[in-house]
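Here the structure is laid out as structure tokens; the discussion comes afterwards.
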Amino acid sequence: MQTCFHLAYHVRDLDESRAFYGKILGCQEGRSTDTWVDFDFFGHQISLHLGEPFPVTNTGKVGEHWVPMPHLGLVMEMQDWRELADRLVAEEIDFVIPPGLRFAGEPGEQATMFFRDPCGNPIEVKGFANLGKVYAK
């Protein structure tokens, strides 16, 4: 069964978040009030609510990197990943882990990048040449 997920989390500034998620990431804005806004996050629903973002630590060891935990993640087709990576580089996003390839030649080979939204919420975006290999061992 394929369904979309819904995730709600805190941001400190809705206008700044609208600019980031809407203009930079290209997500379509949905419903909103004075205290929250929904976005179509690449086919999934995220709800950004005013508040203090969750604490984050670099405690997730993946390959040679310690990654921010917890984090929101997204898996994309490789061409879509490349287009997003190019857009983020052009926007001069400050990457936690810049766009690159990991697990090269291994099952689960993937492109990845980590960055934070303006409120510090970490986001990982992975790209796969074959989405059927996302769970490869």
Of the candidate values (1) 1.04; (2) 1.02; (3) 0.96, the one computed for Rg/Rh (Cα atoms, Kirkwood Rh) from this structure is (3)
Can you give me the Cα centroid spacing of the stretch 3-61 and the stretch 101-137 in angstrom? 20
Would you mind checking the tilt of helix 78-90 against the longest principal axis of the Cα atoms of the chain, expressed as 0 to 90 degrees and rounded to 10? 60
Write down the percent of antiparallel bridges among all DSSP beta bridges whose residues are both part of the chain, to the nearest 5. 70
List the residues of the stretch 60-90 whose backbone N lies under 17 Å from a point placed 7 Å from the Cα of Glu106 along the Cα-to-Cβ direction. 60-67
Highest average packing first - 55-66, 101-112, Cβ atoms within 10 Å: 101-112, 55-66
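For Glu16 and Val56 in one chain, what is 0.36 nm times their gap in residues minus the Cα-Cα distance, to one decimal in nm?
Details: separation 40, 0.36 × 40 = 14.40 nm, distance 1.99 nm.
Residue separation times 0.36 nm, minus the Cα-Cα distance, leaves 12.4 nm.
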For Met113, Met76, Met69, which order do you get if you count the other beta carbons within 10 Å of each Cβ and list the fewest first? Met69, Met76, Met113
Fewest-first ranking of Val96, Val37, Val89, using other Cβ atoms within 10 Å as the exposure measure: Val89, Val96, Val37
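Any read-out appearing in this document is the output of simple, stated calculations on the displayed coordinates, not a laboratory observation. A quick note: this is a predicted structure, and the numbers were derived from the prediction, not measured. Glycine also receives a Cβ, built like all others from the backbone with ideal geometry; neighbour counts cover every protein chain displayed.
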